[in-house]
1. Please compute the contact order of segment 172-302 in relative form: average sequence separation of alpha-carbon pairs under 8 Å and at least six residues apart, divided by the residue count, as a percent.
2. Rank Gly219, Gly260, Gly67 by mean-square fluctuation in a GNM of the chain with C-alpha springs under 10 angstrom and give only the top-ranked residue.
3. Report, in deg cm²/dmol and to the nearest 500, the calculated mean residue ellipticity at 222 nm for the chain, where each DSSP H run with n ≥ 4 adds -39500 (n - 2.57) and the sum is divided by the residue count.
4. Counting Lys and Arg as +1 and Asp and Glu as -1, what is the net charge of the other residues whose Cβ lies under 12 Å from the Cβ of Glu251?
5. What percent do you get for the relative contact order of the chain when only Cα pairs under 8 Å and 6+ apart count?
6. To the nearest 20 debye, what charge dipole does segment 57-117 have about its Cα centre, counting +1 at the Cβ of each Lys and Arg and -1 at the Cβ of each Asp and Glu?
7. Nearest 5 is fine: what % of DSSP beta bridges in segment 1-155 come out antiparallel, could you say?
8. For segment 268-311, with every protein chain kept in place, what is the accessible area per residue (1.4 Å probe, Å²)?
Amino acid sequence: MNRQGLAVQLGPLQLKNPVMVASGTFGYGQEYVDMVRPDLLGALVVKGISLEPRPGNPPPRIWETYGGMLNAIGLQNVGARVFVEEKLPWLKTFAVPVIVNIFGNTLEEYRSLAAMLDGCPGIAALEINISCPNVKAGGMVFGTDPHMVSQVVAMVRSATALPIITKLTPNVTDITVTARAAEQAGSDALSLINTISGMAVNVETRRPRLANVVGGLSGPAIKPIALRLVWQVVQAVSIPVIGLGGISSTEDALEFLIAGARAIQVGTANFVNPRITLEIIEGLQTYLQRHGFSHINEVIGSLQLSESSTD
Ligand SMILES: Cc1cc2nc3c(=O)[nH]c(=O)nc-3n(C[C@H](O)[C@H](O)[C@H](O)COP(=O)(O)O)c2cc1C
């Protein structure tokens, strides 16, 4: 499925289409291979990895909510060494850019991880996760403080020649401040949003639904918020923006692209319909034909702003 007119340029990254899978919702690719051939995707973002393996938070870690879900997985992952030795060789056999989502508890851990992955063939880019709300140290703490955002991005920048995407948290007062901090520190692109902090309570037991008490809300419920944040960030920076948050259909993807996102990621919707990314790629192609566009670039950032057009 090498679709005509769907190729996009994301800073130094060339993608055959703008549709990626979001970190943590597609494992390391292998889990989905019977349903989605990785090389059909624009890019594959793997589950966030840290220097050492992490068991994650105790269960229950998932709770379904109206139009979405709460999760507090806590960045469970196999660790960088196992990823490089056991996951990457398989991923490398597909013609798909592999974007590795990285996470550290300290600045030094981000640096070591970036340096280690820098020398590994088969990795197209690093996505810096400074936005996970479900861990006690690091994670969102880095992403909410513009000074820390600068430090993490600069640290990763100094350790790797790979393209860097910084993944922003929505759990801030003004996301354009952290977006600009990441841009100025050398990020090649931004991705947003990560989950929005939330919680749920069992009224019979009067206990939290999640063992971690709070979790990250994702899925269709967060889409309008994500879209607004993407729109604001697109105005504030000159590096490319990848939009995500509740995208579950071609129309959702188009909303983000029209608002100015250069590419999109699909997260929670993969759990509902594992083939949704392929349907969106197909749907984008059909949309181009229906509107007489020859290239997706004619759609990206094409939001019509006039006083009379508010539908
Ligand atoms: C179960 C689960 C695990 C996730 N793990 C990660 C992760 O490891 N790293 C990361 O940056 N984001 C992680 N995310 C956040 C998603 O990549 C995405 O930013 C978020 O879910 C919003 O998109 P969506 O509404 O399409 O799911 C995770 C989300 C879910 C639901």
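1. About 22 percent, as a whole number.
2. Gly67
3. -8000 deg cm²/dmol
4. Working: positive: Lys223; negative: Asp252, Glu255, Glu279.
Taking every Cβ under 12 Å from that of Glu251, the sum is -2.
5. 19
6. With Lys and Arg at +1 and Asp and Glu at -1, about 100 debye.
7. Bridges in segment 1-155 that DSSP calls antiparallel: roughly 45 percent.
8. Numbers: 2820 Å² over 44 residues.
That works out to 64 Å² for each residue.
The values are calculated or read from the model by the stated rules, or taken from the named source; none is laboratory data. Note that the structure is predicted; figures quoted are calculated from it, not measured. A quick note on method: Cβ atoms are made from the backbone with ideal geometry, for glycine too, and the neighbour counts reach across all protein chains shown. With ligands, DNA and RNA removed, areas are computed over all heavy atoms of the protein, side chains included. Shrake-Rupley method; radii C 1.70, N 1.55, O 1.52, S 1.80 Å.
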